[in-house]
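**Q** I am attaching a structure below and will ask some questions about it afterwards.
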Amino acid sequence: MSDAAATPDLDLRLVRYFMVVAENKHFGRAAAELHLAQPSLSRQIQRLEQVLGVQLMERGPQGTSLTAAGRDFMVQAQALLGAAADAVARVRAIASQPRIVVGYASNLIVTPAAQVLRQEYPDAEVKTLHLDWNEPAAALADRRVDVVVARLPFATDDLHVTSLYEEPRVLVVSTGHHLAGRQSVRQEEIRDEVFAVFPDPEWNEFWQAGSTVTPAPEGTRVQSIEDNLELVASGRAVTLAPASVRHTRLRPDVVPVPVEDIEPVRVVAASRRGDRNPLVRRFHTLAMARL
């Protein structure tokens, strides 16, 4: 058997997941940092262990500890991820064609800034990439995007963040909900409403607006915005959303109601701190002016 055939095919994303769990020593905290569901993260680590053919971690009620193999692999993983990041940076730095990938979250528009960037840098490759609600920080970390326009909250450690604007929030309810016909509501009126629960605790804290439903009723845990709207349409939950949803094609069985006294959501442009790509720096400036 050749050396190539005997070498495991390592997925760098799995290696990065392992590093986050190892540093947190806790699957729950690591899952929150990665914006993943904990069972999904656990399966990814098991997949990595299967690829390597060794047990890397021991799970216990007090947290997670590394095996001897895990401690050794942690050292190797740090070097591996560092080398991968350096390789990407070096290749991009010496590439003849400047390049930037602009990520954006749902209902956010980056076209005006991206178009000006293309005009100013006609030889550059300017791409855009839509991201799910929980992907901005992870997409920057694994270099799928160079800059992202998204709504807080998401992890901004080690990121350069430019605030663009604030957006009011609305309550989205089913057409048969008792608040559906209202011109507006106040926050105290929705304290006892049922909200869907996402895997990210920080996201829940902001988008549940202090709901007193604890623990969440069975069946209200969701992974996607679409599943959230399905719960709302069925009358089993309500949700908060950016006011811009009023200008999009919402489902015909749900309606938005303005909330008078609630903190707005902040829209930001974010990139990796210290990124020297001139296109990234210029995009931050254009985003402030055009978005």
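**Q** How about the range 269-291: which of its residues are part of a strand (DSSP E or B) and surrounded by fewer than 21 Cβ atoms within 10 Å (Cβ to Cβ)?
**A** Within the range 269-291, just R272 meets the criteria.
Yes or no, residue by residue, for (1) crowded, with 19+ Cβ neighbours inside 10 Å; (2) in the same structural domain as L240 (by TED's automatic domain parsing):
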residue	(1), (2)
H160	no, no
G176	no, yes
R182	no, yes
Q187	no, yes
D192	no, yes
D200	yes, yes
E205	no, yes
Q208	yes, yes
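**Q** Also: Can you tell me which residue among L164, L140, L117, L129 is under 19 Å from M19 (Cα atoms), in contact with a strand residue (DSSP E or B) (Cβ under 7 Å, 6 or more places away or on another chain) and modelled with pLDDT of 95 or more? Spell out how you get there, then give the answer.
**A** Numbers: L164 fails: under 19 Å from M19 (Cα atoms); L117 fails: under 19 Å from M19 (Cα atoms); L129 fails: under 19 Å from M19 (Cα atoms).
On inspection, the qualifying residue turns out to be L140.
**Q** All but one of (1) over 30 Å from A85 (Cα atoms); (2) out of contact with any helix residue (DSSP H, G or I) (no Cβ under 6 Å at 6 or more places or on another chain) hold for P256; which doesn't?
**A** (2)
**Q** Another one. Within the range 244-282, restricting attention to residues that are of a type in the set (A, V, I, L, M, F, W, C) and under 20 Å from the mean Cα position of the chain (by Cα), which residue is nearest to A141 (Cα to Cα)? Lay out the reasoning, then the answer.
**A** Of the range 244-282, the ones of a type in the set (A, V, I, L, M, F, W, C) are 245, 250, 254-255, 257, 259, 262, 265, 267-270, 279-280.
Add one more test, that the residue is under 20 Å from the mean Cα position of the chain (by Cα), and what stays is 245, 265, 267-270, 280.
Values: V245: 28, V265: 23, V267: 19, V268: 17, A269: 15, A270: 11, V280: 15 Å.
Of everything passing the filter in the range 244-282, A270 is nearest to A141 (Cα to Cα).
**Q** Identify the single condition in (1) of a type in the set (A, V, I, L, M, F, W, C); (2) farther than 28 Å from E226 by Cα; (3) under 15 Å from the mean Cα position of the chain (by Cα) that V126 does not satisfy, given that it satisfies every other one.
**A** Against the list (1) of a type in the set (A, V, I, L, M, F, W, C); (2) farther than 28 Å from E226 by Cα; (3) under 15 Å from the mean Cα position of the chain (by Cα), V126 comes up short only on (3).
**Q** Quick one: which residue in G235, G219 is in contact with a strand residue (DSSP E or B) (Cβ under 6 Å, 6 or more places away or on another chain), part of a loop (DSSP other than H, G, I, E, B) and not assigned by TED's automatic domain parsing to the domain that holds L117?
**A** G235
**Q** For Q97, indicate whether it is modelled with pLDDT of 90 or more and closer than 30 Å to M288 by Cβ.
**A** no
**Q** Among G103, G28, which is the only one that is at pLDDT 90 or above and of a type in the set (G, A, S)?
**A** G103
**Q** Oh, and also: Hey, any hits in the range 33-51 for a residue that's among the small types (G, A, S), without any contact (Cβ under 8 Å) to a residue 24 or more places away in the chain, in a helix (DSSP H, G or I) and farther than 16 Å from D200 by Cβ?
**A** So far as the range 33-51 goes, yes, one or more of its residues are among the small types (G, A, S), without any contact (Cβ under 8 Å) to a residue 24 or more places away in the chain, in a helix (DSSP H, G or I) and farther than 16 Å from D200 by Cβ.
**Q** Which residue out of Q115, Q76, Q119 is surrounded by 12 or more Cβ atoms within 10 Å (Cβ to Cβ), of a type in the set (S, T, N, Q) and not in a loop (DSSP other than H, G, I, E, B)?
**A** Q115
**Q** Which one is modelled with the lowest pLDDT among residues in the range 51-73 that are surrounded by fewer than 16 Cβ atoms within 10 Å (Cβ to Cβ) and within 27 Å of the chain's Cα centre (by Cα)?
**A** Ranking the qualifying residues of the range 51-73, first place goes to G63.
**Q** Let me ask another. Hey, can you tell me all the residues within the range 19-32 that are part of a helix (DSSP H, G or I) and of a type in the set (K, R)?
**A** If the condition is that a residue be part of a helix (DSSP H, G or I) and of a type in the set (K, R), then R29 is the only one that fits.
**Q** Looking at R251, R246 in this structure, which one is touching a residue at least 40 places away in the same chain (Cβ under 8 Å), outside the structural domain of V101 (by TED's automatic domain parsing) and outside any strand (DSSP E or B)?
**A** Among R251, R246, only R246 is touching a residue at least 40 places away in the same chain (Cβ under 8 Å), outside the structural domain of V101 (by TED's automatic domain parsing) and outside any strand (DSSP E or B).
**Q** Within the range 136-150, how many residues are charged (D, E, K, R) and buried (at least 21 other Cβ atoms within 10 Å of the Cβ)? Can you show your working first?
**A** First, the residues of the range 136-150 that are charged (D, E, K, R): 142-144, 146.
Right, trim to buried (at least 21 other Cβ atoms within 10 Å of the Cβ) and you get 146.
The qualifying residues number 1.
The values are calculated or read from the model by the stated rules, or taken from the named source; none is laboratory data. What you see is a predicted model, and the numbers here were worked out from it, not measured in a lab. As a convention, Cβ positions derive from the backbone with ideal geometry for all residues, glycine included, and neighbour counts pool all protein chains shown.
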